[in-house]
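Worksheet for the structure shown next.
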Amino acid sequence: MKNELLIKNGRVIDPANGIDKKCDVLIVDEKIAAIGRIEKQAEKVIDAAGKLVVPGLLDIHVHFREPGDEEEETIASGSAAAVAAGFTSVVCMPNTNPPVQNETDVEYIHRKGRQARKTHIYTMGAITKNREGIELAEMGFMAEAGAVGFTDDGGGVQDPAVMLKAMKYATMFDVVISQHCQDNAFAGKGVMNSGYYSTILGLPGIDKLAEEAMLWRDIQLVKKTNVRYHVQHISTAGSVELIRKAKKDSLPITCEVAPHHLLLTEKNCGEYDTRYKVNPPLRTQKDIDAIKEAIADGIVDALASDHAPHLQSEKELEFLSAPFGIASLECALALYVKALIEPGIIDWPQLIELMTSRPAKIIGIDKGTLGLGRQGDVTIIDPEAEYKIDINNFRSKSRNCPYNGWPVKGKVVKTIVGGEIRFEV
Ligand code: DOR
Ligand code: ZN
């Protein structure tokens, strides 16, 4: 007996295949078997009338803290949070404790992901050993083990010669080099954006130049190596301009944004509330406007969450000492609806493309579309559902989320992974 799941009457949006129409989706034995008007009976039928039926969402930037900081998040808790948020695939960052830096580490993450049986788990590997920026990590072995890219996220690779070497090496495996652009010479011990508010608050600032200088430098290295290069969580108007120009010059550069760089500004740090301490820091309205314009223009390739869970006890430290990061996986979709769809910057098909097929292309995985024969990863969204974000409903182990209580619109009602319903409301 074949395992059949029929999703009827939804608005099916599959940007990679140019589909946006009311129809049905049939999944047979874990794979997409048909899209259109399907009259047959199936073992299981879902009525998706009034709902969006889209390829399973993909988040290419999450921190699941395993190994090392399991009290903040585990691959199991993070995976449960992911499917509740509509993500059928996520990419874990390697800044764990110890970092993901060899073949065994990559296999460990994959194994934990399989055991959790929720979302598909991918991982990036560190570029340098212990993320120290000195010696390259075992990138080749990690690529063979299935690492989908390399980054020292949490910080950038400071030494240009080391970065050049990493890029040259990455081209041999055709993997993407992903960078948290931040030149420590400019960032110093900064804890928020450098400007009027950091001065008033008496807090050390991180100049925009920290991001832009490293990005400019890396672009020169990309010109030399032609490596696939991805810029994580861009936060400034200057970065937008650099990427715009690099793309115009046909360089193989992609970039992502995080929700907080569209919805919050440096002003939010005004009460020394550490929930707003994040890296790169919250910038200004001008920066937000430039990033939104870039999204409308197609310059941005992915909407990620940069889900960065932290212990309450650590976030309760004073602003100078608290860790950087915002836990936002479980509200990411609704936040992007608020930032981008509600003000009319992009529409649903564009948003879905930026959360499915385009990020999949960055890391080179066969995901993010409802193409026939593809794995049956599908997310069903109620675009009209209105509710308030409530951190008490999070599956994530952490609660460092400044959006608690925000009114939002757009809710995931079912998440299907490999033809199996892994989450439903
Ligand atoms: O705010 C951040 N938190 N930025 C990073 O780059 C790292 C992340 C984390 O791991 O907590
Ligand atoms: Zn980062």
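The values are calculated or read from the model by the stated rules, or taken from the named source; none is laboratory data. Owing to the predicted nature of the structure, the values given are computational and were not obtained by experimental measurement. Virtual Cβ from ideal backbone geometry, glycine too; neighbours counted across all protein chains shown. Accessible surface is based on the protein model in full, side chains and every heavy atom, while ligands, DNA and RNA are left aside. Shrake-Rupley method; radii C 1.70, N 1.55, O 1.52, S 1.80 Å.
Calculate the length of the line joining the C-alpha centroid of segment 74-133 to that of segment 374-413, in whole Å.
21 Å
Quick one: with all protein chains in place, what share of the accessible area of the chain is carbon or sulfur, to the nearest percent (1.4 Å probe)?
Carbon plus sulfur share of accessible area: 48 percent.
Using only alpha-carbon positions, what ratio does the radius of gyration of segment 182-314 give when scaled by 2.2 N^0.38 Å?
For segment 182-314, the normalised Cα radius of gyration comes out at 1.06.
Mean projection of the alpha-carbon convex hull of segment 59-136 over all orientations, in nm²?
Its Cα hull, projected and averaged over all orientations, spans 4.6 nm².
In segment 7-62, which GluC sites (Glu not before Pro) fall in coil by DSSP and have 13 or fewer other Cβ atoms within 10 Å?
Those satisfying the criteria are Glu39, Glu43.
What residues from segment 340-379 fall in the zone where the backbone N is under 12 Å from a label point 7 Å along the Cα-to-C-beta line of Asn3?
376-377
Taking 8 Å as the Cα distance limit and 6 or more residues as the minimum spacing, I'd like the relative contact order of the chain as a percentage.
That works out to 19 percent.
Can you give me the angle between helix 208-225 and the longest principal axis of the chain, using Cα atoms only, in degrees from 0 to 90, rounded to the nearest 10?
Relative to the chain, helix 208-225 is tipped by roughly 70 degrees.
How large is the dipole of segment 269-341 about the Cα centre if only Lys and Arg carry +1 and Asp and Glu carry -1, each at its Cβ, rounded to the nearest 20 debye?
80 debye
Determine the gain in length on full extension of the stretch Lys388-Asp29; use 0.36 nm per residue of separation and subtract their C-alpha separation, reporting nm with one decimal.
125.6 nm
Can you tell me the 0 to 90 degree angle between the C-alpha axis of helix 237-248 and the longest principal axis of the chain, rounded to 10?
Helix 237-248 sits roughly 70 degrees off the main axis of the chain.
Sequence gap at least 6, Cα distance under 8 Å: using those rules, report the relative contact order of segment 329-425 to the nearest whole percent.
28 percent
List the longest stretch of the chain that has no exposed loop site; here a site is one of the trypsin sites (Lys or Arg not before Pro) assigned by DSSP to anything other than H, G, I, E or B, with at most 16 other Cβ within 10 Å.
Here the longest segment lacking exposed loop sites spans 190-398.
Considering only C-alpha atoms, what is the centroid distance from segment 209-262 to segment 323-338, in Å?
After rounding, the separation between the Cα centres reads 22 Å.
In degrees from 0 to 90, rounded to the nearest 10, what is the angle of the helix 103-116 Cα long axis to the longest principal axis of the chain?
40 degrees
Name the residues of segment 146-162 whose amide N is less than 19 Å from a point 7 angstrom out from the Cα of Glu132 along the C-beta direction?
Of the residues in segment 146-162, 151-162 have backbone N under 19 Å from the label point off Glu132.
How large is the accessible surface per residue of segment 310-425, computed with a 1.4 Å probe and reported in Å² as a whole number?
Using a 1.4 Å probe on heavy atoms only, each residue of segment 310-425 averages 39 Å².
Let me see the P(r) profile for the chain: every Cα-Cα distance counted, bins of 20 Å, each bin given as a percent of all pairs.
Bin by bin from 0 Å, the calculated values are 28, 60, 12, 0.
Given a 1.4 angstrom probe, what's the average accessible area per residue across segment 6-118, in square angstrom?
About 38 Å² of surface per residue is accessible.
Assuming 0.36 nm per residue, please report the length gained on full extension of the stretch Ala296 to Lys189 beyond their Cα-Cα distance.
Roughly 35.1 nm would be gained on extension.
If all Cα-Cα distances of segment 1-86 are sorted into 10 Å bins from 0 onward, what percent lands in each bin, rounded to whole numbers?
With a bin width of 10 Å, the distribution comes to 16, 35, 26, 18, 5, 0.
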